[in-house]
1. Only one residue in ILE201, ILE197 is over 19 Å from the mean Cα position of the chain (by Cα) and more than 16 Å from the ligand (Cβ to nearest atom). Which one?
2. Mind telling me which of the residues CYS240, CYS228 ends up being surrounded by fewer than 24 Cβ atoms within 10 Å (Cβ to Cβ) and touching a Leu at 6+ places or on another chain (Cβ under 6 Å)?
3. Return a yes/no flag: does region 246-254 have any residue that is away from the ligand (no atom under 16 Å from the Cβ), open to solvent by 30 Å² or more (accessible area, probe 1.4 Å) and touching a residue at least 60 places away in the same chain (Cβ under 8 Å).
4. If the Cβ limit is 8 Å and pairs must be 6+ apart or interchain, which residue in region 277-301 that is on the phi > 0 side of the Ramachandran plot and within 12 Å of the ligand (Cβ to nearest atom) pairs with which residue that is of a type in the set (S, T, N, Q) and not in a helix (DSSP H, G or I)?
Amino acid sequence: MSFKKIAKRGIQHLAATFGQHTRSHKEPQLLTLMYHRILPKQDPRTHLEEPGMIVSPETFKMHMSLVKQYFEILPLSLWIKRKQNGEMLPAHCCAITFDDGWADNYEFAYPILQELNIPATIFLVSDMIDTDQLFWPERLAHILTDIALTCPEQWEHPDLAWLTDNKFNYTFTTAPPDQDQLSEIINSAKALRDEEIHRRINKIETELQLKNKPHPSLLSWQQMSEMCTSGLIEAGGHTCHHIRLNTGQDETTLEQEIIQCKSQIEAQLGQTVDTFCYPNGDYSPRAVELVKQHYQCAVTTNKGWNTTSSDQYLLNRIGVHEDISYDKTAFLARLSGWL
Ligand SMILES: [Zn+2]
């Protein structure tokens, strides 16, 4: 083991042993965990995904067992409700959240949550649930993989020039980009506005003859309804189309994405939607204002814990994925809030 790895492990041990989860605090604390996809390591769906999005079912089960040891677990909306009513809150509380509404949440996370009786919130992209649509990062990953494997001569196509201009640590040949290279390409594309990214990807999909179609990956309303009926799972809003709500977004789009999302989910599931999650963690002051008018709280991707005096429309979370939470020490160090 290199010195760097030994030092990192030492810091992880310190954070796991003395981090925020082991201490007493003046105010009740809320740790909100952020998950995306729960997929077995060999599942073909992992190929189109960034590493930062995935936790394996075994690791997820280990996380949930540990969280139960250190925290009282409440649905996010219930913690907020108790806080608003001035009711007693646990000193250390944890809320489990999943972003986007992936079908694998139903397949792999829900059975574990049922077994351990742990509640969770799933933030849904209301217009995309129960469709075979994909988010643009997965569409882009599919395009790059498909071209590399089936028609690499197409790398010369002008519609791909914005991706292939050599700014990435990846050579566009017959090998699909690996997961880290995909992350790099996707992050770089985020410099463009959502409408522009969609326009460019649509153009590639129409102009180039892609050989394969990716599999649908999102939950159905039926699956979501079954989970909600169990009483363990609640639905939250995550816009209608996963549009980033940053400054510059026009008023009509903001209103549609924030307000219609809530009404669509409520109509489908017959339950009130009180919680909201900003796509990609982006929000403008106007977006927050609109969310305040229609929801009881909202979560960001800002890293950290929350207290009863935190802004309940800008709640911090701790994002978890396999690479940084693969064993007990790594996971506890992550949720300590230090690393
Ligand atoms: Zn999202």
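1. Residue meeting the stated conditions: ILE201.
2. Details: CYS240 fails: touching a Leu at 6+ places or on another chain (Cβ under 6 Å).
CYS228 is the lone residue from the list that is surrounded by fewer than 24 Cβ atoms within 10 Å (Cβ to Cβ) and touching a Leu at 6+ places or on another chain (Cβ under 6 Å).
3. Within region 246-254, none of the residues are away from the ligand (no atom under 16 Å from the Cβ), open to solvent by 30 Å² or more (accessible area, probe 1.4 Å) and touching a residue at least 60 places away in the same chain (Cβ under 8 Å).
4. Taking only residues 6 or more apart or on different chains, the pairs are ASN280/THR301; GLY281/THR300; GLY281/THR301; GLY281/ASN302.
Conditions (1) open to solvent by less than 10 Å² (accessible area, probe 1.4 Å); (2) closer than 24 Å to GLU257 by Cβ; (3) within 16 Å of the ligand (Cβ to nearest atom), marked per residue:
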site	(1), (2), (3)
LEU89	no, no, no
ASN105	yes, yes, yes
ALA109	yes, no, yes
ALA120	yes, yes, yes
VAL125	yes, yes, yes
ASP132	no, yes, no
LEU140	yes, yes, yes
ALA148	yes, no, no
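The values are calculated or read from the model by the stated rules, or taken from the named source; none is laboratory data. Predicted model only: the values in this text are computed from it and were never measured. Cβ: placed from backbone, ideal geometry, glycine included. Neighbour counts: every protein chain shown. Ligands, DNA and RNA are excluded from the accessible area calculation, which covers all protein heavy atoms including side chains. Shrake-Rupley method; radii C 1.70, N 1.55, O 1.52, S 1.80 Å.
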